[in-house]
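> The following block contains the structure, expressed as structure tokens.
Readers should treat all values here as calculations from the given coordinates under stated rules, not as data from a laboratory. For clarity, every value in this text was computed on a predicted model and none was experimentally measured. Using ideal geometry, Cβ is built from the backbone for each residue, glycine included, and neighbour counts are taken over all protein chains shown.
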Amino acid sequence: MPTPDSPPDSIAQIKQLTKRYRRLVALSEVSFSIRRGEVLGVIGPNGSGKTTLFECLGGVLPFDAGAIVRPDRPLGYRDLALTFFYLPDAIAPWPAQSVDWVLDFTLGFFGGPAPMRDEVVRRLDLEPLLGSAIGSLSKGQRKRTLLALALLTPHPVMLADEPFDGLDLRQSRDVAQALRSFAARKRTIVLSIHQVSDAARVCDRFVLLSGGRVCGEGTLDELTTLAHARDQSTAHGDLEEVFLALT
């Protein structure tokens, strides 16, 4: 059963998550919810703690305090590995292997949804790249390939760090539409984004992160209401102004 403070559609809750590097506190009592079938944007400037947060959620880094819980129980590290698939930024795995091989390997290794392969390839415009080696791809081509890889995993929550980095305007729009399409089928997608315009285009809800702390969580309307309580000049519907007002 959901805990009293969790939304009924909650798939996970992050509670008071803290991560320290000696004297540096990278994350300080970070709390927010992740809901089934949403695109959640974790937005903040470089150095705000977004990547550290994703590494803790993905089980790459141990955290020092706090908990990650499902509605019925806390998650251990094995549970995290089964719940979250973490796609880091700026990686180039299997550089000598073809895009085609990487997608097939992902499906076989993780037991992902094989019937979705053709659709993912089409939505991310990978057909011309299937025979190309990962190491030969441009930054934007590699980003689309790795997003396809992540979408073909069976994990309930996909974490993608800076998914639009390296993409041009048209590619960013197409990728945003593809992510929205897969989220509509109850695949939860959490994106770490520093470009506010990208976040506003694709996300249902937002977690505002600054200096390792959560400064706001909610839909744009909910965050606008919170920002107006602090600064009456905040423009309604402008995520950038809301972020600046709350941080």
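> In percent, what relative contact order does the chain have, based on Cα pairs under 8 Å that are 6 or more apart in sequence?
About 25 percent, as a whole number.
> Sort I43, I11 by Cβ crowding within 10 Å, fewest neighbours at the top.
Exposure proxy ranking, most exposed first: I11, I43.
> Karplus couplings for the stretch 11-22 from phi (6.51 cos²θ - 1.76 cosθ + 1.60, θ = phi - 60°), rounded to Hz, Gly and Pro as x?
Per residue, the Karplus-derived 3J(HN,Hα) values read 9, 6, 10, 9, 10, 6, 5, 10, 9, 10, 10, 6 Hz.
> Let me ask something else about it. Roughly what angle does helix 169-183 make with the longest principal axis of the chain, taking Cα atoms, 0 to 90 degrees, to the nearest 10?
Roughly 80 degrees between the two axes.
> Next up: Once phi is turned into ³J(HN,Hα) by the Karplus curve 6.51 cos²θ - 1.76 cosθ + 1.60 with θ = phi - 60°, what whole-Hz value does each residue of the stretch 238-247 show in order, with x for glycine and proline?
Rounded to whole hertz, the list is 9, 5, 5, 5, 5, 4, 5, 5, 8, 10.
> Helix 99-110 sits at what angle to the longest principal axis of the chain, using alpha carbons and giving 0 to 90 degrees rounded to 10?
With both axes taken from Cα atoms, the answer is about 60 degrees.
> Averaging sequence separations of C-alpha pairs under 8 Å and six or more residues apart, then dividing by the length of the stretch 1-95, give the relative contact order as a whole percent.
That works out to 31 percent.
> Please report, in debye to the nearest 20, how large the charge dipole of the chain is about its Cα centre when each Lys and Arg carries +1 at its beta carbon and each Asp and Glu carries -1 there.
Using only the charged Cβ atoms, the result is roughly 500 debye.
> Quick check of the Kirkwood formula: for the stretch 195-247, what is the inverse mean of 1/r over all pairs of different Cα atoms, in Å?
After inverting the pairwise mean of 1/r, the radius is 10.9 Å.
> How big is the Rg/Rh ratio for the stretch 1-108, C-alpha atoms only, Rh by Kirkwood, two decimals?
Rounded to two decimals, Rg over Rh is 1.02.
> Given charges of +1 on the Cβ of Lys and Arg and -1 on the Cβ of Asp and Glu, with all other atoms neutral, how large is the dipole of the stretch 38-115 about its Cα centre, in debye to the nearest 20?
Rounded to the nearest 20 debye, it is 180 debye.
> Grab every C-alpha pair in the stretch 68-153, bin the distances at 10 angstrom width from 0 up to the longest one, and report whole percents.
17, 46, 25, 11, 2
> Would you mind calculating the relative contact order of the stretch 146-247 from Cα pairs under 8 angstrom and at least 6 residues apart, reporting the percent as a whole number?
20
> Here's a follow-up. Quick one: net charge of G59's neighbours, Cβ under 11 Å, K/R +1, D/E -1?
Neighbourhood net charge equals -1.
> In addition: Of the DSSP beta bridges with both residues in the chain, give the percent that are antiparallel, rounding to the nearest 5.
Around 50 percent of the beta bridges assigned by DSSP in the chain are antiparallel ones.
> What is the P(r) of the chain, as percent of Cα-Cα pairs per 5 Å bin from 0?
1, 6, 13, 17, 19, 17, 13, 8, 4, 1, 0, 0
> Right, something else. For the stretch 133-176, with the dipole built from +1 on Lys and Arg beta-carbon atoms and -1 on Asp and Glu ones, taken about the Cα centre, which of V175, L159, Q141 lies farthest toward the positive end?
Value: Q141.
> Quick one: angle between helix 220-230 and the longest Cα principal axis of the chain, in degrees between 0 and 90, rounded to 10, please.
Taking Cα atoms only, the helix is inclined about 30 degrees.
> What is the sum of charges, Lys and Arg at +1 and Asp and Glu at -1, for the other residues whose Cβ falls under 15 Å from the Cβ of P115?
+2
> To the nearest 500 deg cm²/dmol, what mean residue ellipticity at 222 nm is calculated for the chain from DSSP H runs of n ≥ 4 alone, each contributing -39,500 (n - 2.57), summed and divided by the residues?
Result for the chain, helices only: -10500 deg cm²/dmol.
> Please report the net charge: other residues with Cβ closer than 12 Å to the Cβ of L126, K and R +1, D and E -1.
On the way: positive: R117, R122, R123, R142, K143, R144; negative: D100, D118, E119, D125, E127, D174.
In short, 0.
> Just give me a number: lysine pairs in the stretch 1-145, eight or more positions apart or cross-chain, with C-alpha atoms less than 23 Å apart.
Value for the stretch 1-145: 4.
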